Amino acid sequence: DTGVSQNPRHKITKRGQNVTFRCDPISEHNRLYWYRQTLGQGPEFLTYFQNEAQLEKSRLLSDRFSAERPKGSFSTLEIQRTEQGDSAMYLCASSSGTGSLQTQYFGPGTRLLVL
Amino acid sequence: GESVGLHLPTLSVQEGDNSIINCAYSNSASDYFIWYKQESGKGPQFIIDIRSNMDKRQGQRVTVLLNKTVKHLSLQIAATQPGDSAVYFCAEIPGGYNKLIFGAGTRLAVHP
């Protein structure tokens, strides 16, 4: 399968713990995006990378969140000192090209539950 | 598994009928629009897209219509099948940006 992959698919953690999620984009896609989705809502943009550069961050991305894409391939999203409000589905998407009119293809998501 | 769109508006159709899902978008400067399908426990799946210089685009069994005057987007699904049951989201990309802004979503329920 050459689609976007995310690991783990599910994560249960206790409040205050740190968690890290991984996203592997479609091969050769230079752009990678992170979104968050809560039940009953559409995905909300968090941040995106073009190659290894993080070009935009949403105000939703508090100081406890950090994302990296060190070699311009896979990306990690870390949440420090998790809170119950962080419980959501974290989605990764990727696209190719340099313009803004690109189709973003999504992975299956990582479902986070903070107890 | 968990359910996507617990409190979303629902469109119920009979198998074989045509479905029309509507979406109002927010930004008159948006120049790219995409429809996604999301099944429970899965990520959004690309269905069809349209650029702002077009008003209609057709795919396999799906058609997207864009009315920029009233900022309205619709997705038409021909001969709806049980496998089409899912939550459908429209998304827009405002000009000059790269992030998708998603609409509220509509649940499509197909009955045999």
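Read the figures in this text as sums done on the coordinates, not as results from a lab. Being a predicted model, the structure only gives us computed values, none of them experimental. Please note: Cβ atoms are built from the backbone with ideal geometry, for glycine as well, and neighbour counts cover all protein chains shown.
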Quick one: P(r) of the protein assembly as shown from all Cα-Cα pairs, 10 Å bins, percents rounded to integers, in order of increasing distance. 8, 33, 36, 19, 5, 0
Rg to Rh ratio, the range A:39-115, alpha-carbon atoms and Kirkwood radius? 0.96
As I understand it, the dipole of chain B uses +1 on the Cβ of Lys and Arg and -1 on the Cβ of Asp and Glu, about the Cα centre. Which of B:Leu8, B:Gly41, B:Ser30 lies farthest toward its positive end? B:Ser30
Calculate one ³J(HN,Hα) per residue across the range A:29-37 by plugging θ = phi - 60° into the Karplus curve 6.51 cos²θ - 1.76 cosθ + 1.60, and present them in order as whole Hz with x for glycine and proline. 6, 8, 10, 9, 10, 10, 10, 10, 10
Need one word for the range B:71-112: rounded, prolate or oblate. Basis is the Cα gyration tensor (sqrt eigenvalues a ≥ b ≥ c); a/c below 1.5 gives rounded, then a/b vs b/c decides. prolate
Where nothing but the Cβ of Lys and Arg (+1) and of Asp and Glu (-1) is charged, how large is the charge dipole of chain B around its Cα centre, in debye to the nearest 20? 260 debye
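At 37 °C and 0.692 mPa s, grab the translational diffusion coefficient of chain B from Stokes-Einstein with a Kirkwood Rh over Cα pairs, rounded to a whole number in µm² per second.
231 µm²/s
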Karplus-derived 3J(HN,Hα) from phi for the range B:60-70 (6.51 cos²θ - 1.76 cosθ + 1.60, θ = phi - 60°), whole Hz, x at Gly and Pro, runs 7, 6, 10, 9, 10, 10, 10, 10, 6, 4, 10
